[in-house]
Amino acid sequence: MFKARPVLLAAALCLAPLSAFAHPHVFVDATLNIVAGSDGTVKELRNTWRFDEVFSSSVLMDFDKNGDLKLDASELKAIANTIRTSLGDYGYFTFLTDNGADIKATKPQVFNADYRDNRLIVFFITKPAKPIKIKGHLSFGVHDPTLYTAIDFKNDSDISETGDAFKACKRKIVRPNPDEVIKQNQGMLTEAFFNDPTGTDYGKLFAVRLELQCG
């Protein structure tokens, strides 16, 4: 996911294409809050990611420059900057559609990291690259296109929307059934894809997403 340790992190965080990468190696518990602006458009998307303990410990080993088994403010800043830079190649794992049209996410100006209870936590805010009017059918999701990182929204409430403009929307959390996805997309999900999914975005077929139908 982001460039760091020559072996583990360079592979894991840069999403290098290896045959073993067809299933997740990094696990994230996530929340996503979509915030409406006073002008009736999507203002920003607030992401919080909590990484699994195994991966988090590897990050601690790499960025703990003074060897005190802690991450101080400068070390956490280095982690945040590294992740933000590397995720840029993957749209910050943030995927938006406005009535069927894909909308890119801008580079986060807010991107912070913390380390609590043996887990790395990152918080960042992205914004749509162009205005999204809160009208019609909107979709919001966070996923890794290469399937290397499993981003999990454990509860439907972990993807939420805030703001008066959303009051006229009907919400639906979509949790695709992996077996059904594979069955329905056998022509695309070939052995070649699972051996090297880089350059595709079939990961979105498996991703949890929020769909809004707004008046």
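Assorted remarks:
- Label sites at Asp39 and Arg175, each approximated as a point 7 angstrom past Cα along Cα to Cβ, lie 3.7 nm apart.
- Stretch gain in nm, segment Lys107-Phe123, where the contour uses 0.36 nm per residue and the Cα spacing is subtracted: 4.4 nm
- Exposure proxy order (Cβ contacts within 10 Å, fewest to most) of Ile173, Ile134: Ile173, Ile134
- Debye equation applied to the C-alpha atoms of the stretch 54-136, log10 I(q)/I(0) at 0.21 Å⁻¹: -0.93
- Close amide-amide hydrogen proximity is noted between Thr162 and Ile34, Val35, Ala36, each under 5 Å apart and 5 or more residues distant or on a separate chain (H modeled in the peptide plane; Pro and chain starts excluded).
- Cross-link reach list, lysines versus Lys104, counting only Cα pairs under 17 Å and skipping chain neighbours closer than eight places: Lys43, Lys127, Lys130, Lys133, Lys204
Laboratory data are not the source of any read-out in this text; all were calculated from the coordinates shown. What you see is a predicted model; the values in this text were computed from it and never measured. Ideal geometry is used to build each Cβ from the backbone, glycine not excepted, and the neighbour counts take in all protein chains shown.
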